[in-house]
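The block underneath contains the structure these notes are about, expressed in structure tokens.
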């Protein structure tokens, strides 16, 4: 196992790092979340390695391979079915029971976000608060590991696809894309991207965190169960965001920025917005933009790039791909269709 929290999650500066048998690429960095992809090529070694200190509160998901580790909260084995949980500032050691190394995704959250997830969705079996007189961990996680349910595996894959799509999008710096794809797999190296896709990546990562802390079970305190006490507050928060985005769909606020507007945490906002609307904030904003595009394509002769950029899309191709995905036709085809003369057949 080659996971080192001190090197896998860049906190500033370099986005890529190769250090002996560790090959690290940063996939995503926002105000709320950091995601890195690390390929470890270490050989089998049953001895515990050098003591490391975690610099962030992290969830580490194994995509291939296995490694053992120990923390003050206990020892565990990390593989595709068990996530490594690290609290910022704690010491840990690692060893490699098998040859062949490992390939992991490490997601770093601020502690307040993890606290929110544990309070709303956490269960004692995988992670969460100590109980029954146990010593409280110096951080949000009291267990060293959490089971990875199938839903979390699916969301993990979705997050990597989102980040890979961002890396491949025109206008995003992607000089390492082909090399990283060949070496690290599905996700590509990027630390940048348009703010709209940053919102999408943050929301998918938060949903993944919720799946991990639930351990495959239902939410400990579901949105529905809480509505007797908080319905008005959540309704006001969701309505506030909907009005704000409807006023100007081109707005590219991040998830933390939106949460501050309505005075709730990012985790709460993402969770309740989806529960009340049936979609993520990113999906909602994209639909607003496409609705505006339908009108603009009919009423104006501006070129597609100008329309797309005005609506908040990162590029011509970003606009056309989202438009086609939601409408089933290209913006050009829509514009031509709307300009056809209306006939009795069309009306009927």
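The values are calculated or read from the model by the stated rules, or taken from the named source; none is laboratory data. Fair warning: this is a prediction, and the values are worked out from it, not measured in the lab. Using ideal geometry, Cβ is built from the backbone for each residue, glycine included, and neighbour counts are taken over all protein chains shown.
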Wholly enclosed helices (runs of 4 or more DSSP H) of the range 255-327 bearing at least 3 residues surrounded by fewer than 19 Cβ atoms within 10 Å (Cβ to Cβ) and more than 17 Å from the chain's Cα centre (by Cα): 266-277, 281-299, 304-310, 316-327
The conditions are (1) at pLDDT 90 or above; (2) assigned to a strand (DSSP E or B); (3) surrounded by fewer than 18 Cβ atoms within 10 Å (Cβ to Cβ), and residue 64 fails exactly one of them. Which is it? (1)
Restricting attention to the range 219-236, the residues that are assigned to a helix (DSSP H, G or I), loosely packed, with under 13 Cβ neighbours inside 10 Å and modelled with pLDDT under 65 number exactly 4
Looking only at the range 146-162, count every residue that is in contact with a strand residue (DSSP E or B) (Cβ under 9 Å, 6 or more places away or on another chain) and part of a helix (DSSP H, G or I) and tell me the total. 6
From (1) at pLDDT below 75; (2) assigned to a helix (DSSP H, G or I); (3) farther than 18 Å from residue 254 by Cβ; (4) not assigned by TED's automatic domain parsing to the domain that holds residue 81, pick out the condition that doesn't hold for residue 216. (2)
Out of 93, 115, 111, sole residue that is assigned by TED's automatic domain parsing to the domain that holds residue 56, over 18 Å from residue 32 (Cα atoms) and at pLDDT 90 or above: 93
